[in-house]
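Presented below is the structure to which this report refers.
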Amino acid sequence: MLFITIMIIGTLITVTSNSWLGAWMGLEINLLSFIPLLSDNNNLMSTEASLKYFLTQALASTVLLFSSILLMLKNNMNNEINESFTSMIIMSALLLKSGAAPFHFWFPNMMEGLTWMNALMLMTWQKIAPLMLISYLNIKNLLLISVILSVVIGAIGGLNQTSLRKLMAFSSINHLGWMLSSLMISESIWLIYFLFYSFLSFILTFMFNIFKLFHLNQLFSWFVSSKILKFSLFMNFLSLGGLPPFLGFLPKWLVIQQLTLCNQYFLLTLMMMSTLITLFFYLRICYSAFMLNYFENNWVMEMNMNSNNTNLYLIMTFFSIFGLFLISLFFFMF
Amino acid sequence: MKYLSICSISFVNLISISLSCFLLSLYFLLNNMIYFIEWEVVSLNSMSIVMTFLLDWMSLLFMSFVLMIASLVIFYSKEYMSSDENINRFIMLVLMFVLSMMLLIISPNLISILLGWDGLGLVSYCLVIYFQNIKSYNAGMLTALSNRIGDVALLLAIAWMLNYGSWNYIFYLEVMQNEFEMLMIGSLVMLAAMTKSAQIPFSSWLPAAMAAPTPVSALVHSSTLVTAGVYLLIRFNIILSTSWLGQLLLLLSGLTMFMAGLGANFEFDLKKIIALSTLSQLGLMMSILSMGFYKLAMFHLLTHALFKALLFMCAGAIIHNMNNSQDIRLMGGLSIHMPLTSACFNVSNLALCGMPFLAGFYSKDMILEIVSISNINMFSFFLYFFSTGLTVSYSFRLVYYSMTGDLNCGSLNMLNDESWVMLRGMLGLLIMSIIGGSMLNWLIFPIPYMICLPSYLKLLTLFVCIFGGLSGYLISMTNLYSLNKSLLNYNLVTFLGSMWFMPYISTYGMIFYPLNYGQLVVKSFDQGWSEYFGGQHLYYKLTNYSKTLFLMHNNSLKIYLMLFVFWILILFNFLLFL
């Protein structure tokens with residue numbers, strides 16, 4: 001609990017700081033409190049993951065510190081950051097921290113060793129600080145490359161995946177691409193996208209965590225006793241993928257509209273095409289579940305999920321599935 | 001439940017409505033009244049879509065006849081379909097058919113008539129496929145698609161009618177008769193009527209529709225549905241007589257009459273023979289209509305409905321007794337085994353031929369005499385009289401095959417004539433087909449037609465009939481070894497007996513190339529090129545990319561960190577030296 005508090009404080013320091021040094025400090029605090037959360041003495045995988053995380057983040061922090069010092073040296077303690085190569089170095093460091101595409105290699109590997117709650121934190125909360133810092137950088141070329149690579153790799157990487165954690169990791173990379181592109185245009189859209197993404201990933205990881213689901217075949221065999229849970233879970237999958245009638249489409253919609261207004265057609269086409277690929281593999285998973293032509297185990301245990309969790313889950317699922325309609329209702333209300 | 005079956009209830013209801021319609025029609029006829037009722041459904045941009053009812057003696061009389069035949073047919077079905085599990089559904093379908101027929105008859109508005117028109121098409125499809133087998137499905141599809149052409153024509157006519165601001169065509173027929181738009185509407189309506197009444201080139205569905213249960217054939221495919229086209233054109237008769245449409249229709253319907261008469265002479269299926277005779281009579285109605293004598297067409301329509309329904313009901317009784325065999329070569333000697341049914345059969349057959357003082361005589365003889373005194377070309381004149389001869393010919397051939405000689409069916413048969421429910425239904429129509437002609441004659445024509453003919457023309461009809469009967473006997477006569485002599489001329493017989501190849505033309509002929517090209521496209525595109533370069537190839541490629549990506553992911557973490565450091569160094573170098 002202490003570490004979580006410190007972690008949150010670290011992120012807040014980063015977000016609110018007005019100098020690079022302060023931002024670096026916040027990131028360090030955040031990192032150092034997240035490591036104990038990750039590591040679990042009984043599990044070798046999580047230790048390895050925390051080590052990997054530490055190494056990567058430490059390297060990124062070093063580079064960040066190095067470049068911000070460089071910046072201050074060159075610009076006489078001025079926070080002007082129009083200097084392109086310096087800011088490219090900062091950008092690279094931040095992209096590495098957030099796990100965006102050309103520097104994403106640690107991310108799926110690490111996810112494989114985490115529990116679902118840690119994975120959720122890694123996918124959502126840990127992205128706030130670096131993304132916020134990226135939004136300060138006024139540099140487009142590296143960001144564009146990163147966006148394109150993120151969406152493409154996120155899409156293609158998830159295609160052959162059977163591990164749910166890796167699947168979520170690649171999905172996260174894909175969404176990160178969208179978030180970076182929204183970051184180029186407006187911070188508020190990024191915020192909306194991030195909130196929706198966090199909400200949708202939370203629903204899924206919440207379920208995965210309760211039922212300890214780590215692989216795809218578990219998905220098919222586990223929910224025999226409750227078709228409602230199963231269907232709603234897969235609908236959430238589709239919502240995360242961004243299929244139109246569900247809530248997940250809304251942030252994508254906003255980004256698509258903004259990018260169109262900014263004439264970023266090439267980027268937009270690439271992003272949408274790669275998102276189609278993600279949708280394809282989400283659909284492929286859901287298809288066999290919706291069509292009910294999968295193998296069911298006879299020895300499946302009774303599911304035990306307490307009613308609080310069920311209610312929470314169902315309320316969230318309701319919003320995830322009908323959110324888009326509800327939002328349009330609100331639009332007509334005011 | 002024995003007395004309160006759906007058949008009995010509908011019978012009582014329909015016959016009482018029929019009687020009241022009949023009395024109303026007498027009243028209307030006597031006082032020369034017309035009731036015109038309009039209900040505005042929706043009004044849009046000064047165009048109002050209205051439900052219109054036109055009640056005059058013609059519609060009321062037609063309605064009363066349809067209802068009477070329907071009631072007797074339903075009564076008859078009580079026994080005919082008694083072993084059918086879904087008899088309730090069957091009767092409901094028939095009732096729905098009657099309802100759409102009513103809507104068709106009383107609407108002189110192109111939009112509201114569509115309700116009845118499409119209802120007829122739909123219900124007749126359901127009735128044709130009632131016995132669920134491949135043959136019925138094919139027949140039903142042919143019927144439905146042929147009729148669909150007419151439906152589309154009617155829709156197009158509605159679109160053209162938009163010019164006039166209303167779809168009540170009866171108000172525009174006379175005023176606008178010289179306009180091009182009206183000609184378009186008229187030709188489209190004629191097309192619709194020709195599909196419904198199975199004129200050339202849409203004839204092939206009528207014999208195919210005989211896959212329906214026999215009561216349906218009696219009601220739907222002889223007396224009512226197929227006359228819907230004739231009825232529509234009766235309402236449109238002004239257009240026909242003032243433009244070339246009438247001439248075209250005269251030619252086509254004359255040919256239909258001729259073709260059907262020839263076809264019936266070489267057919268061996270009992271129901272199909274009757275269907276072809278229906279077709280020939282429809283041709284007769286259409287052709288006299290196209291010459292402008294719409295009252296005569298109406299007259300023949302009504303009398304024909306009576307004796308043709310009776311003929312079909314007799315055929316149904318015979319088919320029941322022949323263990324569901326319809327081949328007339330297996331029949332024979334039925335006049336001994338089933339005397340009452342045979343009597344009905346013969347009366348209706350003779351009425352069909354125009355035997356004096358039976359129902360068909362009044363209408364048919366009058367039509368032929370009107371044709372004789374009219375100004376008409378030689379070809380049409382030939383078609384009229386030759387087809388009349390052919391009618392007698394196939395009727396006598398039918399009698400020869402089924403009524404005379406010995407029974408040619410299997411050894412163990414139980415022929416009986418004691419299916420009283422069916423017989424009662426038939427006897428009701430028997431009376432009508434005896435007295436119906438003279439009754440209608442007195443009713444419809446207030447002033448007798450003045451017909452003045454030289455004696456050879458007057459006797460021509462009689463001569464043609466006698467000659468036809470004789471030839472009917474001759475072409476079906478078999479010699480010692482049961483060889484039908486007419487079959488020696490095999491190619492000609494095939495051509496004539498298969499309705500001039502029309503069933504092939506309107507099925508294989510229409511669909512052969514589309515189907516083959518469709519297969520080609522499916523094979524080479526849907527399952528070939530577009531599959532290879534479309535979905536499958538894309539999926540294959542993406543999966544391969546994914547594999548390559550994971551090859552990169554297989555490295556140790558330090559390599560990635562090293563690469564990152566290199567990247568930073570490169571950037572730093574640029575920073576220093578640029």
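Of note:
- Residue list for the stretch B:124-135, restricted to those being closer than 18 Å to B:ALA198 by Cα and either touching a residue at least 40 places away in the same chain (Cβ under 8 Å) or of a type in the set (Asp, Glu) (or both): B:SER124, B:LEU127, B:VAL128
- Among the residues making up the stretch A:159-176, those that are of a type outside the set (A, V, I, L, M) and crowded, with 24+ Cβ neighbours inside 10 Å are A:PHE170, A:SER171, A:SER172, A:ASN174, A:HIS175.
- From B:LEU538, B:LEU549, residue being of a type outside the set (Phe, Trp, Tyr), under 60 Å from the mean Cα position of the chain (by Cα), under 30 Å from A:LEU276 (Cα atoms) and part of a helix (DSSP H, G or I): B:LEU538
- Scope the stretch B:390-416; condition open to solvent by 10 Å² or more (accessible area, probe 1.4 Å) and part of a helix (DSSP H, G or I); matching residues: B:LEU390, B:PHE396, B:VAL399, B:TYR400, B:TYR401
- Here the stretch A:19-41 is the region considered, the condition is being more than 22 Å from A:MET1 (Cα to Cα) and in contact (Cβ under 8 Å) with a residue 40 or more places away in the chain, and the residue that is surrounded by the fewest Cβ atoms within 10 Å (Cβ to Cβ) is A:SER19.
- Selection from the stretch B:51-63 of residues that are surrounded by fewer than 19 Cβ atoms within 10 Å (Cβ to Cβ) and assigned to a helix (DSSP H, G or I): none
- Residue list for the stretch B:421-466, filter: without any contact (Cβ under 8 Å) to a residue 24 or more places away in the chain and farther than 17 Å from B:PHE361 by Cβ: B:PRO446, B:ILE447, B:MET450, B:PRO454, B:SER455, B:TYR456
- Among the residues of the stretch B:387-400, some residue qualifies, meaning at least one is within 18 Å of B:GLY468 (Cβ to Cβ), of a type outside the set (A, V, I, L, M, F, W, C) and in contact with an Asp or Glu (Cβ under 9 Å, 6 or more places away or on another chain).
- Condition met for A:SER146 (more than 11 Å from chain B (Cβ to nearest Cβ), closer than 23 Å to B:LEU557 by Cβ and in contact (Cβ under 8 Å) with a residue 60 or more places away in the chain): no
- Looking across the stretch A:211-230, the residues that are at pLDDT 75 or above and open to solvent by 40 Å² or more (accessible area, probe 1.4 Å) come down to A:LYS212, A:PHE214, A:HIS215, A:ASN217, A:GLN218, A:ILE228.
- Filtering the stretch B:519-578 to residues that are at the interface with another protein chain (Cβ under 9 Å from one of its Cβ atoms) and of a type in the set (Gly, Ala, Ser) leaves only B:SER546.
- For B:MET182, the criteria (1) buried (at least 23 other Cβ atoms within 10 Å of the Cβ); (2) within 18 Å of B:LEU249 (Cα to Cα); (3) modelled with pLDDT of 90 or more hold in every case but one, which is (3).
Listed here are the residues, each with its yes/no results for (1) at pLDDT below 90; (2) touching a strand residue (DSSP E or B) at 6+ places or on another chain (Cβ under 7 Å); (3) open to solvent by 40 Å² or more (accessible area, probe 1.4 Å); (4) away from every other protein chain (no Cβ under 14 Å).
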site	(1), (2), (3), (4)
A:ILE90	yes, no, no, no
A:THR115	yes, no, yes, yes
A:SER135	yes, no, no, yes
A:ASN141	yes, no, yes, no
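- For the stretch B:345-364, the criterion of being within 20 Å of B:ILE234 (Cα to Cα), of a type in the set (D, E, K, R) and not in a loop (DSSP other than H, G, I, E, B) is met by at least one residue.
- B:GLU85 falls short of the stated requirement of being of a type in the set (Asp, Glu) and touching a residue at least 40 places away in the same chain (Cβ under 8 Å).
- Pairs linking a residue in the stretch B:207-219 that is under 15 Å from B:GLN132 (Cα atoms) and touching a residue at least 40 places away in the same chain (Cβ under 8 Å) to a residue that is outside any helix (DSSP H, G or I) and among the basic types (Lys, Arg), with Cβ atoms under 7 Å and 6 or more positions apart or on different chains, do not occur.
- Screening the candidates B:SER25, B:SER16, B:SER48, B:SER100 for the property of being assigned to a helix (DSSP H, G or I) and either in contact (Cβ under 8 Å) with a residue 40 or more places away in the chain or under 25 Å from B:GLY186 (Cβ atoms) (or both) yields one hit, B:SER100.
- Evaluation of A:ALA49 against the conditions (1) small (Gly, Ala, Ser); (2) free of Cβ contacts under 8 Å to residues at least 40 places away in the same chain; (3) surrounded by 19 or more Cβ atoms within 10 Å (Cβ to Cβ) shows that the sole unmet condition is (2).
To keep it simple, each residue is scored yes or no on (1) open to solvent by less than 70 Å² (accessible area, probe 1.4 Å); (2) over 30 Å from B:LEU310 (Cα atoms); (3) at pLDDT 80 or above.
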{"position": "B:ILE444", "(1), (2), (3)": "yes, no, yes"}
{"position": "B:LEU453", "(1), (2), (3)": "yes, yes, yes"}
{"position": "B:VAL464", "(1), (2), (3)": "yes, no, yes"}
{"position": "B:GLY472", "(1), (2), (3)": "yes, no, yes"}
{"position": "B:TYR508", "(1), (2), (3)": "no, yes, yes"}
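- Every condition in (1) surrounded by 14 or more Cβ atoms within 10 Å (Cβ to Cβ); (2) touching a residue at least 24 places away in the same chain (Cβ under 8 Å) holds for B:TYR504 except the one numbered (2).
- For the stretch B:238-287, a residue qualifies if it is aromatic (Phe, Trp, Tyr) and under 21 Å from B:ALA218 (Cα atoms), and exactly one does: B:PHE268.
Quick grid of which residues meet (1) more than 14 Å from chain B (Cβ to nearest Cβ); (2) of a type in the set (Ser, Thr, Tyr); (3) in contact with a Cys (Cβ under 6 Å, 6 or more places away or on another chain):
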residue: A:VAL151; (1), (2), (3): no, no, no
residue: A:GLN161; (1), (2), (3): no, no, no
residue: A:SER182; (1), (2), (3): yes, yes, no
residue: A:PHE206; (1), (2), (3): yes, no, no
residue: A:ASN217; (1), (2), (3): yes, no, no
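- Candidates B:SER438, B:SER419, filtered to the one that is open to solvent by less than 40 Å² (accessible area, probe 1.4 Å), in contact with a His (Cβ under 9 Å, 6 or more places away or on another chain) and over 30 Å from B:ILE475 (Cα atoms): B:SER419
- The number of residues in the stretch B:64-84 that are surrounded by fewer than 24 Cβ atoms within 10 Å (Cβ to Cβ) and closer than 13 Å to B:SER25 by Cα comes to 1.
- Residue selected from the stretch B:322-366 under the condition open to solvent by 50 Å² or more (accessible area, probe 1.4 Å) and under 24 Å from the mean Cα position of the chain (by Cα), by the criterion farthest from B:LEU279 (Cα to Cα): B:ASN324
The values are calculated or read from the model by the stated rules, or taken from the named source; none is laboratory data. Predicted model only: the values in this text are computed from it and were never measured. Positions of Cβ are generated from backbone atoms using ideal geometry, with glycine treated the same way; all protein chains shown enter the neighbour counts. Protein only, heavy atoms only, side chains kept; ligands, DNA and RNA dropped before computing areas. Shrake-Rupley method; radii C 1.70, N 1.55, O 1.52, S 1.80 Å.
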